[in-house]
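Engineer: Before anything else, here's the structure in question.
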Amino acid sequence: MENSVMGAFLAGLNPGLIVIAAGFVVAFVRGAPARAAILVGGPMLAFVALTFAGASGADLAPASLFGMELSLYRIDSLSFVFSLAFLIAAALGGIYSLHREDPMQDAAGMIYAGAAIGACLAGDLITLFFYWELTALASVLLILARRTRESYEASIRYLIIQLVSGLLLLAGALQIHEATGSVKFDAIASSGLQPLVGVIDINLPGAWLVLAAFGIKAAFPLVHSWLQDSYPQATETGAVVLSAFTTKLAVYALARCFAGLDILIWIGAIMTVFPVFFAVIENDLRKVLAYSLNNQVGFMVCAIGVGGHLAINGAAAHAFAHIIYKSLLFMTMGAVLLRTGTTKATELGGLHRTMPYTALFCIVGAVSISALPFFSGFAAKSLTMSAVQEHHLTAIWLMLLFASAGVLEHSGIKIPYFAFFGHDSGLRPKEAPFNMLLAMGIAAAICLGVGVAPGWLYGILPYRDEALEYLRHDLWTSSHLITQFQLLAFAALAFIVLQNRGLYPAERPGLILDAEWLWRRAAPAVVRWIGRMLSALSAWAGGIREKLGEGVGAAARGMLAPAGYFSRKVPLAATAVWTAGILALVLLISFFATR
């Protein structure tokens, strides 16, 4: 009886709110044991609550606001897998941050994670909006925590664009409510199938605003640079937390609302390709990881655009795996930053001598993101590649294939090679603190566990039966394994040849601007040009006004002054002649006007 009462109580607790509450509590807690209990215990309690709630798709917390029916807590198989990944990331982030006592970062990280989980468990657009904005407000503190001028400026730019995303989401949600009478996903959806995906018709009023809001948070091309601008400016712990939530929350939202939207196929494919070129020449290794984050999210967006059970499973599995291995890679670079004070490739090298465990974990993350068979990336990315093949999207498949080879170049090889091997920088830092190594070890174990035995991950995907069917008949086929090994082998060979011949792009100190150039260079230049034009126009108008004033004054003086034209004495004869002429003109006009 007690177990059933406790189970019912836990099932009614929103896991997101549990983690948010842990964030507020940890802000006032001091001491490593107490901090550890909150930072790890909060996500663990939330995990228990998530497990008891199950994935029924039921509305667990109905509410109303200003006449709108809301669903504050709704869980199905799509939100379950994202929430689970977020909870694991929150716990890993908590363990990873135990070496430093920073209440602001502790609280911001937990609240940020809880808001992302709450957003996944929202059953309507308005509730999603509130959590959406909370993620923005909490995450910006992780960038400010670096306490440098660069991080301050990056945080302002980050906050502006995240708030714009929220405003677009709110405007779109209100228009959808006006058109449909509801903001609840199960009411907007044209089908009652579970899980609910693709619930918003793109032709609905406000739908494009919602899509734009999600696109900003997912870092679509041309609105992606906030990611490379802000993540490398965070602390070593802040970047790990940032890498896990924002873009994957957008992936979840896209799957929930716009699955099967064709334009997402091309947007995602472009996202996978363009970061490769910038990541190869980027010097800051954390910024390389930010570019590869764009690349990986592109695979998920493309899968969502393809739609269908296999593709949606691919997006969800890839998001789960990516949260873990990208966190792992950011953890390793965070450890390097902590011990050396830099993550610039030109200043690193040879660190494997004194940081062997960090180097090993970095290699695990690198082969995972490269989709090496028997690691998590392979088990996840294969679903998307197969879905694209099934839909006969040859051009898209080739783009994804190129992007997969590019991932090996910039994240699979470049990150561990230039940080831990390559040339000897002469740096001999200490190994990372134990708590960092523990978090990295757990993440690496998950990467390996998912890769070797992906059945448990496939078993919680949105379309479980289709996922397990794919596992039994397609994942481990010899042709699939050989194709992937060949792709990775040729990509690695290309790196070796280019590096040995000196043709691989050299890392150089400096700032690489892609779309950022539009507002960090072009926009200020346009504003300055407009200012100069307005100043010149104002000066020209002032000159015209001055000259015109002088001319009018001179004319007035010439006509009205005591010695002016109208003051002159006119002879009587001339006056008589002018009067007669005017009279004759009036008579002529009157004569012709009456005929």
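Engineer: Between the range 93-114 and the range 301-364, what is the C-alpha centre distance in whole Å?
Structural biologist: Taking the Cα centre of the range 301-364 as reference, the centre of the range 93-114 is 19 Å away.
Engineer: Another question, then. For the chain, what is the relative contact order in percent, using Cα pairs closer than 8 Å and at least 6 residues apart in sequence?
Structural biologist: Averaging sequence separation for qualifying contacts and normalising by length gives 12 percent for the chain.
Engineer: Still on this model: Across the range 239-397, what fraction of all alpha-carbon pairs, as a whole percent, falls in each successive 5 Å bin from zero upward?
Structural biologist: Here the calculated profile for the range 239-397 is 2, 10, 18, 21, 19, 13, 8, 5, 3, 1.
Engineer: A follow-up question, please. When ranked by the protection proxy of mean other Cβ atoms within 10 Å per residue, highest first, what sequence do the peptides 217-229, 170-182, 473-485, 244-256 form?
Structural biologist: The peptides rank, most packed first, as 244-256, 217-229, 170-182, 473-485.
Engineer: For the charge dipole of the range 256-368, defined by +1 on Lys and Arg C-beta atoms and -1 on Asp and Glu C-beta atoms about the Cα centroid, which residue among Y291, G307, F258 has the Cα displaced farthest towards the positive pole?
Structural biologist: Value computed over the given set: Y291.
Engineer: What order do F277, F80 take when sorted by accessible area (1.4 Å probe), most exposed first?
Structural biologist: Ranked list, largest accessible area first: F277, F80.
Engineer: OK, next. Pairs of lysines 8 or more apart, or on different chains, with alpha carbons under 29 Å: count those in the chain, would you?
Structural biologist: 26
Engineer: Quick one: accessible area per residue over the range 315-385, 1.4 Å probe, rounded to a whole number of Å²?
Structural biologist: 21 Å²
Engineer: Arrange the peptides 51-59, 292-300 so that the one whose residues have, on average, the most other Cβ atoms within 10 Å appears first.
Structural biologist: Top of the packing list down: 292-300, 51-59.
Engineer: Could you give the dipole magnitude of the chain about its Cα centre, charging the beta-carbon of Lys and Arg +1 and that of Asp and Glu -1, in debye to the nearest 20?
Structural biologist: 2280 debye
Engineer: I would also like to ask the following. Can you tell me the order of 325-335, 98-108, 12-22 when each peptide is scored by its average per-residue count of other Cβ atoms within 10 angstrom, highest first?
Structural biologist: The densest-packed peptide leads the list: 325-335, 12-22, 98-108.
Engineer: While we're looking at this one, here's another question. In square angstrom, what is the accessible area per residue of the range 206-261 with a 1.4 angstrom probe?
Structural biologist: Value returned for the range 206-261: 14 Å² of accessible area per residue.
Engineer: Could you state the accessible area per residue of the range 1-146 in Å², with a 1.4 Å probe and every protein chain left in place?
Structural biologist: That works out to 36 Å² for each residue.
Engineer: If N is the number of residues in the range 16-68, what value comes out of its Cα radius of gyration divided by 2.2 N^0.38 Å?
Structural biologist: 1.51
Engineer: OK, next. So for the chain, taking the charge dipole from beta-carbon charges (+1 Lys/Arg, -1 Asp/Glu), which of F24, A453, A580 sits furthest toward the positive end?
Structural biologist: Working it through, the farthest residue towards the positive pole turns out to be A580.
Engineer: Can you send over the carbon and sulfur percentage of the accessible area for the chain, probe radius 1.4 Å, protein chains only?
Structural biologist: Ligands and nucleic acids excluded, carbon and sulfur give 70 percent.
The values are calculated or read from the model by the stated rules, or taken from the named source; none is laboratory data. As the structure is a computational prediction, the values presented were derived from the model and not from experiment. FYI the Cβ positions are ideal-geometry reconstructions off the backbone, even for glycines, and counts take in every protein chain you see. When the accessible area is computed, the model is the full protein with side chains, heavy atoms only, and any ligands, DNA or RNA have been set aside. Shrake-Rupley method; radii C 1.70, N 1.55, O 1.52, S 1.80 Å.
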